[in-house]
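Worksheet: one structure, shown below.
Bear in mind these aren't lab numbers, they're just calculated from the coordinates by the rules spelled out. Everything numeric in this text was worked out from a predicted model, so none of it was measured. Glycine gets a Cβ as well: all are built from the backbone with ideal geometry, and neighbour counts include every protein chain shown.
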Amino acid sequence: MKRKLTWLLKSRGVGIVEEDEVLMVLDKPSNLLVLPDRLHQSLPNLYTIIHEELGAIFTVHRIDRETSGLIVFAKTAEAHASLNRQFEGREVEKVYHAIVLGMPSQNEGTIDAPLSESGRQKGIMLIDEKEGKEAITEYTVLEEFKGYAFVEARPKTNRTDQIRVHLQSIGTPILGDLQYGGGEGFFLSHVKPGYRGVEEERPLLNRSALHSAGLSFLHPSSEERLKFSLPLPKDMKSVLKYLRKFRAGNN
């Protein structure tokens, strides 16, 4: 990778997980776009940063602006085609970690609920049993608290907002997800009894608490199985720290 590009990525908080002649695996921070915004072209985004330095670069998949964690780009058309086939053929293993409001009725399960875009609100996805596209998410509760849960989600399909809508559908929207009922974020005053802090309290987390934690696929050239994993970012770790302290258990 060119030295300038390395510097540009790091200056935006982007971690370089793996890089070779045909692909790049990056650790994207929250609140950074993957692709240019159609209405606000000047907003920073990963694709433009990389494209301006390397030239040809291919987007393989997307994660939301607010979602942190693993994302892969292809450097060649051949690698792009290989990775696309794997994503479309459901050969890529994806693991997400989320902090949700409420507790699922079961500690693990599969959500099989087709999705389509709302006809009334552009960009909002809905469960649509009649005309929606197949969407399947497996989930496991990793830790439970009073009023919250720490969940692992493993999407088996690649639909827009899939994990967010599916978790909302079982009564546990992702913390901080304004679009799908997760509230405005996480403040210490939400959980600390008798909280006495500054008048204008800052949130410990001010985005959707969703993190792309694991990614596994076949290398486009060698066909070796690659596996990547990332720890939680600082803001989600902070939320769990205080949930463990003030909301331990589920009673």
- Note on the structure: Expressed in nanometres to one decimal, the distance between label points 7 Å along Cα→Cβ at LYS234 and TRP7 is 2.3
- Can you give me the Cα centroid spacing of the range 29-90 and the range 176-232 in angstrom? 20
- Query: With point charges of +1 on the Cβ of Lys and Arg and -1 on the Cβ of Asp and Glu, referenced to the Cα centre of the chain, which listed residue (GLN121, LEU175, GLY197) lies farthest in the positive direction of the dipole?
  - Reply: GLY197
- Query: Past the 29 Å Cα-Cα mark, which pairs from LYS4/LYS241; LYS75/LYS156; LYS130/LYS156?
  - Reply: LYS4/LYS241
- Under a point-charge model restricted to the Cβ atoms of Lys and Arg (+1) and Asp and Glu (-1), what is the dipole moment magnitude of the chain relative to its Cα centre, in debye to the nearest 20? 780
- Message: In whole Hz and in residue order, list the ³J(HN,Hα) couplings for the range 109-122 that follow from phi through the Karplus curve 6.51 cos²θ - 1.76 cosθ + 1.60, θ = phi - 60°; x for Gly and Pro.
- Response: x, 10, 9, 10, 8, x, 10, 8, 6, 4, x, 9, 10, 4
- Message: I want to check the label-to-label distance for ARG196 and ARG225. Put each point 7 Å from Cα in the C-beta direction and report it in nm to one decimal.
- Response: 5.7
- Using only the alpha carbons, work out the radius of gyration and Dmax of the range 95-135 in angstrom. 13.0, 34
- Item | Diffusion constant of the range 1-97 at 37 °C, which comes from Stokes-Einstein with the Kirkwood Cα-pair radius and 0.692 mPa s, µm²/s | 238
- Query: So what is the calculated 222 nm ellipticity per residue for the chain, using -39500 (n - 2.57) for each DSSP H run with n of 4 or more, over all residues, to the nearest 500 deg cm²/dmol?
  - Reply: -6000 deg cm²/dmol
- Could you tell me whether the range 178-251 comes out rounded, prolate or oblate from its Cα gyration tensor? Rule is a ≥ b ≥ c as square roots of the eigenvalues, rounded for a/c under 1.5, then prolate if a/b exceeds b/c, otherwise oblate. prolate
- Query: How large is ³J(HN,Hα) for each residue in the range 233-246, as worked out from phi by the Karplus curve 6.51 cos²θ - 1.76 cosθ + 1.60 (θ = phi - 60°), to whole Hz, x for Gly and Pro?
  - Reply: x, 4, 5, 6, 4, 5, 4, 4, 4, 7, 5, 5, 6, 10
